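*Asks:* Below you'll find the structure I mean.
The values are calculated or read from the model by the stated rules, or taken from the named source; none is laboratory data. Predicted model only: the values in this text are computed from it and were never measured. Cβ placement follows ideal geometry from the backbone for every residue including glycine, while neighbour counts extend to all protein chains displayed. Protein only, heavy atoms only, side chains kept; ligands, DNA and RNA dropped before computing areas. Shrake-Rupley method; radii C 1.70, N 1.55, O 1.52, S 1.80 Å.
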Amino acid sequence: MNSKMSYLIRTIGHLHLRGSQLRPVFRTATRTYRLGINRHNSAIQNANLRRFLLNVLHLRPESPLRLLSQGMPVYSKGDAIIQEQNTTKTLLDEHVQSFSSAVDPLEDRRVTEENLGMKSERSQSQQFFDDLQKCMSPCDVLDLVSKSSVSLKYCSSCFTTMWMLIKKQSEDQKRYEKHLMVEHPSFLPLCQHLMQESQIMWRDDLVYSLHAVLKLGVPQNTKLVQTLLRVCQERLNEFDDRCLSVLATSVETMECCRNVDALQAGLQLLVEQRILKISNIFSLQTIMKCIGKDAPFSLKRKFEVVLFLSAFEGVHFQPVELMDILAEKVTSHPESLNLKDILTVLRVYSLLNYVPKSQTQEFLESLNTALNKYRASISNVDLLKAVYSFCILAYLPQPAISQLLQEDNLNEILRAEGQIKEQNEMMLHFVNVCLELDGPSSFPKPTAVFVNKPPSPLVLNLSEVREALLTLLGNEHLFQQNVQLPHNYNIDFEIKMDPDRKKVLPVNEADDSADAPDVQRVAILCPSASAFCCGTRHPRGKLEMKMRHLKALGYHVILVHYQEFKKLKKEEAVEWLKKKIYSTDAFHVSDVNLQDNN
């Protein structure tokens, strides 16, 4: 069910309970508005409540406002040293930025006879959010509220905007603005409205409202905050990763009480169920920080350096120190890995193209040993994934490969359909290539099994590299572009040179002597930025495997970081290529990259 339909159902239920008509939020100026105060109470009690929120006067014991925990000052001395977490800041910024385009679904109704002559509700809604963005202080927001018909979306937006407006101010300015805010006649009605409507608010509006209310200094022991905590607890299963992140941030700063403890326990249970599905690394970090400290051991186990590596691999980031630590533990205790850990470690290390330099062989052998324990129960697809990852790392696990290449297992793998079949065929293709180019002749090769080759990569324009080569060599017949090789490999530019690498041979002449062993072949690869680890010139696994195989086919490989190459001036680009093509040292470097040009 989509979010709009869910919202509509909740709203219909709300209207039914209230006699099919929402009562006005703001009455005349003579009425009083309270947080959990009976309607017959006087305006004097309303003033007492405002004083309570400012922490300047204690409420009488017989006051209708009941506190659910011990007293707590509105302005904590620790506010000056508590910094906003970057993740929550980003989420709040996005929440505020959405105001200009956000329109309450209920505002879509046709104009009735009672409001003929007025603006359409959609126009009013849009106008409200436009005006909200122009507010310069919390009191500006409350002034806007006093002359507007506040809907569910308005309420959350108002509290979030008020917090965003004062969060960067000094402590004295914050204290002054909060004082004015609480004294404003529209503040208590807005709080009352938030408390009443919390059950049917959107999930993100609910958690953002709680976060903003706490940051604005409303005490934790008020009925408003406790109501929001209870509603969050009741609707916890509705929250997505983003909502959980904001909620965990809010709960982290709160004192212990029944509702806070219950909500933390619910968060831990929910996160334990969903942790493997949380795809946003920033949300995962926030949730870990907020509930990981006092979490049970079983939950801490699920927050293991493996889950983080999987998330890092998703953004192509290579955390070297973390990978070294994990590799050391894998090498020392391979028996501690379950099958899921093995597959994750293999995938991440292979695709990020990283193995510990000092213990490369020991690390790979430990993973192979761990995998062998599960060969009797592992599925054929998981076995293929494991072998494929090993092959990217130039390690051929013979027992696993022999099991994979059994005819029945291969046939089962190839019976898949659609995208899964394409992925399986791609992995099998490269396993075959690795067996042929990396492995000894004794290794079995599944030549009898037909495997479709993966589609050839898209041909890029690469005009900057082509122009630099043309300027350097002076003749377009001295190089070839987009050369197709066996094993479905493609070379962006190919150059053939004499044995001393001092002269570039014309294409025709080089073709005539192609079988001569002394012809030096140069492959220039210009991969996109996604082929490198994030923020580095380190080639990822599939690119590294391609470079390794090109060298096995007799090529010297020059790797061009194309995004950086395009930034060079033409003269600099020509000079860089000249050094790489004619330099003897360049051909002895395993992964030649573009140098810094500072």
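*Asks:* Counting only heavy atoms of the protein chains, get the accessible area per residue of segment 179-256 (1.4 Å probe) and round it to a whole Å² value.
*Replies:* Counting only protein heavy atoms, the per-residue value for segment 179-256 is 28 Å².
*Asks:* Over the heavy atoms of Glu417, what accessible area does a 1.4 Å probe trace out, to the nearest 10 Å²?
*Replies:* 150
*Asks:* Next question. Using θ = phi - 60° and the Karplus relation 6.51 cos²θ - 1.76 cosθ + 1.60, list the HN-Hα couplings for segment 354-359 in order, rounded to whole Hz, with x at every Gly or Pro.
*Replies:* Rounded to whole hertz, the list is 9, 9, x, 5, 7, 9.
*Asks:* Heavy-atom accessible area of Tyr489 with all protein chains present, probe 1.4 Å, nearest 10 Å²?
*Replies:* Probe radius 1.4 Å; accessible area of Tyr489 about 10 Å².
*Asks:* Per-residue counts of other Cβ atoms within 10 Å, averaged by peptide: what ranking do you get for 474-481, 182-189, highest first?
*Replies:* My ranking of the peptides, most packed first, is 182-189, 474-481.
*Asks:* Please report Rg (one decimal) and Dmax (integer) in Å for the Cα set of segment 379-441.
*Replies:* Rg, Dmax (Cα atoms, Å): 11.0, 34.
*Asks:* As a quick test, which of the pairs Lys134/Lys168; Lys542/Lys579; Lys147/Lys168; Lys496/Lys578; Lys496/Lys551 have an alpha carbon distance above 19 angstrom in this structure?
*Replies:* Table pairs above 19 Å Cα-Cα are Lys542/Lys579; Lys147/Lys168.
*Asks:* Next question. Output ³J(HN,Hα) for segment 384-390: one whole-Hz value per residue in order, computed from phi by the Karplus curve 6.51 cos²θ - 1.76 cosθ + 1.60 with θ = phi - 60°, and x for Gly and Pro.
*Replies:* 4, 4, 5, 5, 4, 5, 4
*Asks:* Calculate what fraction, in whole %, of the accessible area of segment 186-270 sits on carbon and sulfur atoms when a 1.4 Å probe is rolled over the protein chains.
*Replies:* Carbon and sulfur together cover 45 percent of it.
*Asks:* Another question, then. What does the charge add up to near Lys134, with Lys and Arg as +1, Asp and Glu as -1, over the other residues with Cβ less than 15 Å from its Cβ? Don't jump to the answer; show the numbers that get you there.
*Replies:* Working: positive: Lys147; negative: Asp130, Asp131, Asp140, Asp143.
Charge balance near Lys134 sits at -3.
*Asks:* Beta carbons within 10 angstrom, averaged per residue: use that to sort the peptides 362-370, 376-384, highest first.
*Replies:* 362-370, 376-384
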